[in-house]
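As structure tokens, the structure follows; a few thoughts come after it.
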Amino acid sequence: MTGIAALVLMGELLALVLVLSTDGLNPFNWQRLGLVSLTILWVILPSAALLCRLRPFLARRSHKVAAAISYACLLGVLAVVLGVQHWWLADMAGQAIDYWSLLANMLVGAICAGVVLRYAYLQQQLHNQQQAELGARIEALQSRIRPHFLFNSMNSLASLIAVDAERAEKLVEDLSALFRASLADSKLVPLAQEIQLAKRYLEIEALRLGERLQSEWQLDNLPEHAELPSMLLQPLLENAVLHGIARRREGGTIQIEIRQNVIGSAPRELLLSIQNPVAVSETDESRNAHVGNGMAMENIRQRLSAFYGNRFRFSAGAHDGERGKEYRVELRLPLKTGQSLKPAYGTEREEAAP
């Protein structure tokens with residue numbers, strides 16, 4: 001519908017320009033504007049419908065051949081419309097058809113048609129380029145798994161192989177799932193799949209941190225078909241572990257809450273928050289951690305902007321909570337209307353194995 005509205009608006013602007021160029025502004029010829037507008041719309045709308053039907057055929061041809069066929073179709077529709085119009089006007093006036101006037105209108109229409117097709121082609125090329133750049137940017141942002149996580153996981157795997165082969169095998173499976181998701185195409189994935197991937201990440205970190213790492217999940221009344229950008233939860237949780245739990249001698253609990261949020265008659269939102277305690281320190285190492293934390297948050301913000309434009313809300317910052325100094329990340333993502341609820345999740349608490 002947006003494309004049709006743009007075509008109609010472009011046609012009306014063209015009709016206005018043609019009338020102003022021939023009759024001037026004072027007095028304005030409204031009758032001619034109506035006739036020219038009707039002619040242009042009779043050319044634009046059937047041509048758009050014809051080209052839409054020919055799209056599969058044109059997609060298999062080269063750009064030059066497709067452009068030539070499109071232009072020929074548009075000229076054919078233009079010739080039929082102008083021929084019928086001049087025959088009707090000549091019949092109404094009881095005169096012969098003015099072929100010179102018909103030829104002049106055909107030339108004007110052919111020039112305008114060429115300009116419009118060229119503009120549409122350039123717009124499509126620009127759109128394709130933007131989509132390609134957007135896809136490349138999303139993939140680059142998605143693939144940034146910190147090297148330290150891989151090194152720590154390999155160390156954990158090396159220590160487990162000799163003492164607990166079953167847990168080592170489980171670690172390999174979890175790592176495979178994480179890196180498979182990281183290398184996959186950037187897209188929206190089911191919420192349940194993203195939650196399962198995030199839990200696998202926490203299980204991997206639990207092998208290194210032991211009882212210092214605990215997690216508490218609050219998952220209530222989630223939409224059944226909700227989707228998230230792939231690998232969204234994992235870097236948020238990695239941030240909480242790296243800059244929060246790992247820097248505290250006593251460890252702590254990461255609180256993850258995901259729920260649907262409805263305010264009045266507004267569209268549904270998916271509310272996602274992650275909260276973790278942070279170590280209170282003024283050392284250079286802590287300040288560097290805050291710099292890394294900010295870079296990770298900016299990375300996530302760019303990914304969300306690439307997927308949702310300006311239709312999301314993102315906030316992150318430290319505050320004084322019940323457990324002392326805490327860091328909270330909150331996301332509000334748009335949901336499609338009409339999604340059914342599936343209260344299959346509850347509140348659960350997970351602790352690392354000793």
Seminar exercise, completed: Rounded to one decimal in nm, the spacing of the 7 Å Cα→Cβ label points at Ala96 and Leu16 is 4.0
For this session: Quote the charge dipole size of region 44-125 about the Cα centre in Debye, to the nearest 20; the model charges only the Cβ of Lys and Arg (+1) and of Asp and Glu (-1).
Result: 620
Exercise. In nanometres, what is the gap between the two model label sites at Glu298 and Ile161, each 7 Å from Cα along Cα-to-Cβ?
Worked result: 3.9
Exercise. Which listed residue (Leu209, Pro223, Leu236) has the Cα farthest towards the positive end of the charge dipole for region 192-236, taking +1 on Lys and Arg C-beta and -1 on Asp and Glu C-beta about the Cα centre?
Worked result: Leu209
Seminar exercise, completed: In whole angstrom, the spacing between the Cα centers of region 73-125 and region 191-269 equals 62
Seminar exercise, completed: Rounded to 0.05, the calculated FRET efficiency for the beta carbons of Val189 and Phe57 at R₀ = 45 Å is 0.85
Exercise. Taking R0 as 30 Å, what's the FRET efficiency between Leu107 and Ile4 from their Cβ-Cβ distance, rounded to 0.05?
Worked result: 0.65
For this session: List, in order, the whole-Hz ³J(HN,Hα) value for each residue of region 101-111 obtained from phi through the Karplus relation with A = 6.51, B = -1.76, C = 1.60 and θ = phi - 60°; use x for Gly and Pro.
Result: 5, 4, 5, 5, 5, 5, 5, 4, x, 5, 5
For this session: Report the full-extension gain for the segment Gln260 to Lys170: residue separation times 0.36 nm, less the Cα-Cα distance, to one decimal in nm.
Result: 29.2 nm
Exercise. Expressed in nm to one decimal, what extension gain is obtained for the pair Glu211 and Ala49 from 0.36 nm per residue of sequence separation less their Cα-Cα distance?
Worked result: 51.8 nm
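All of the numbers you see were taken from the coordinates with simple rules; none came from a lab. As the structure is a computational prediction, the values presented were derived from the model and not from experiment. Neighbour counts run over all protein chains shown; Cβ positions are idealised from the backbone, glycine included.
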